[in-house]
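Engineer: Handing you a structure now.
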Amino acid sequence: MIRSMDTLQHNFRILQKKQEMVAGNFANINTPGYQAQKMVQRAGEERAMVNHLGGPDRNLQTDVGGFTFQNYIDEVYVDETPGAIKEDPTNPGSYIEMSNVNTADEMVEMMKISREFEANQKALHASDETLRKASNEIGKV
């Protein structure tokens, strides 16, 4: 259960970084020449999970498959897709490149991040309740 708290804390940090990146893209949506930042995330290594069975053979283990406990930010990169070309209002006859931030894509990304936060909050609540029950109620007569 303590591992779940550590895993969730790590996930919250990654979600915060993703949210900061998307917010930065939104803030610069009208900045000429701004290039959107994107993030690549990867899962950590898979670890074996086993079930220790009781009974006369206490050392018996049953493999229940693998599980990935953490994910990582693999890279943050700048999207070099060109933005729209627009005439410069301060200098007629010349053109400037606008930002390449796509509002719809950033909005979808923000909604995904929000749902991930919500799922992690539910998992944190479940883990907290399990720890509370283990520490306060198990063993009482």
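Each reported figure results from applying straightforward, stated rules to the coordinates on display, with no laboratory input. Everything numeric here is computed off the predicted structure, so don't read it as measured data.
Engineer: Hey, what do the phi angles of the range 130-137 turn into as Karplus ³J(HN,Hα) couplings, whole Hz, using 6.51/-1.76/1.60 and θ = phi - 60°, x for Gly and Pro?
Structural biologist: Going residue by residue, I get 5, 5, 4, 5, 5, 7, 10, 10 Hz, with x marking Gly and Pro.
Engineer: At 0.36 nm per residue, minus the direct Cα-Cα distance, what do Lys38 and Leu60 gain on full extension? Give it in nm, one decimal, please. Provide the component values of the computation, followed by the final result.
Structural biologist: Numbers: separation 22, 0.36 × 22 = 7.92 nm, distance 4.67 nm.
Gain on stretching Lys38 to Leu60: 3.3 nm.
Engineer: Now for a separate question. Amide H neighbours of Ser99 under 5 Å, at least 5 residues apart or on other chains, H built in the peptide plane: list them.
Structural biologist: For Ser99, the qualifying residues are Thr31, Gly33, Tyr34.
Engineer: What is the range 2-136's relative contact order, in percent, from Cα pairs under 8 angstrom and six or more apart in sequence?
Structural biologist: 30 percent
Engineer: Could you derive backbone 3J(HN,Hα) for the range 95-102 from the dihedral phi with the Karplus parameters 6.51, -1.76 and 1.60 (θ = phi - 60°), listing whole Hz in sequence and x where the residue is Gly or Pro?
Structural biologist: Ordered by residue, 3J(HN,Hα) equals 10, 10, 8, 7, 5, 9, 6, 9 Hz.
Engineer: When the chain is fully extended, how far beyond the present Cα-Cα distance does Leu53 get from Asn102, taking 0.36 nm per residue of separation?
Structural biologist: Values: separation 49, 0.36 × 49 = 17.64 nm, distance 5.33 nm.
Taking Leu53 through Asn102 to full extension adds about 12.3 nm, to one decimal.
Engineer: In terms of modelled amide H atoms, which long-range or inter-chain residues lie less than 5 Å from the amide H of Gln70?
Structural biologist: The answer is Gly44.
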